[in-house]
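Novice: Below is one structure. I have some questions about it.
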Amino acid sequence: MRRRARAPEAGFTLIEILVVVALIGALGAIVLSVTQGGLEAARARSAAKDLVAALRATRAQAVVEREAKVLVLDLERRAWQMPGRDWVELPGGFELSMLTAAEEQVGEQQGGIRFFPDGASTGGSIELRRGKALWRIEIAWLTGEVRMAPGSPR
């Protein structure tokens, strides 16, 4: 009498399933951390671009209306205001710092960048930071040109 060997049953063991689930969880955590960093950088870049647009619009107003115009920054509120417009506040989690001419500073937490009718400005620099993402905005005093570039932590 011959006995037939049983064919192995198809399927996965519990250990194999647990290993696959653990691998999927680890990959998900990695993707989430990379995405969060990229999302943080994108939000910082977007906020910096909005501020650059406001600075350029203030410069254009000064040239068109032939009178000096000031964009005011409030570091404590993390906000800025164009001439004749409402305050624009940065979303939570942002830090704002500024270097400007002494005559444009209004206290320790508020100051401005003044643009003149010929397009020149008082010049200065502004930094927006959110987490590890840093953007620097440079305003040339002679030409009033506004430039933005990613910064490196100091």
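The values are calculated or read from the model by the stated rules, or taken from the named source; none is laboratory data. Model, not experiment: these values are computed from the prediction. Here the Cβ is made from the backbone with ideal geometry for all residues, glycine too, and neighbour counts use every protein chain on show.
Novice: What are the residue pairs meeting all of these: first residue in region 93-113, first residue within 22 Å of L134 (Cβ to Cβ), second residue basic (K, R) and part of a strand (DSSP E or B), Cβ atoms under 9 Å, and 6 or more apart or on different chains?
Specialist: Final answer for the pair search is G93/R130; F94/R129; F94/R130; E95/R129; E95/R130; L96/R129; S97/R129; T100/R114.
Novice: Considering only residues that are surrounded by fewer than 21 Cβ atoms within 10 Å (Cβ to Cβ) and under 20 Å from the mean Cα position of the chain (by Cα), look in region 131-144 and name the one that is nearest to A60 (Cα to Cα).
Specialist: Here the residue is E138.
Novice: Just to check your reading of the model, which residue among E104, E108 is of a type outside the set (S, T, N, Q) and loosely packed, with under 15 Cβ neighbours inside 10 Å? Give the derivation first.
Specialist: Numbers: E104 fails: loosely packed, with under 15 Cβ neighbours inside 10 Å.
Of the residues listed, the single one that is of a type outside the set (S, T, N, Q) and loosely packed, with under 15 Cβ neighbours inside 10 Å is E108.
Novice: Please find, among G131, G112, the residue that is over 23 Å from R43 (Cα atoms) and among the small types (G, A, S). Break it down stepwise before answering.
Specialist: Working: G131 fails: over 23 Å from R43 (Cα atoms).
Residue meeting the stated conditions: G112.
Novice: Now for a different question. Cβ-Cβ distance below 6 Å, separation of 6 or more or different chains: which pairs start in region 1-25 with a residue that is modelled with pLDDT of 90 or more and end on one that is part of a loop (DSSP other than H, G, I, E, B) and hydroxyl-bearing (S, T, Y)?
Specialist: Here the result reads none, with nothing in region 1-25 linked to a residue that is part of a loop (DSSP other than H, G, I, E, B) and hydroxyl-bearing (S, T, Y).
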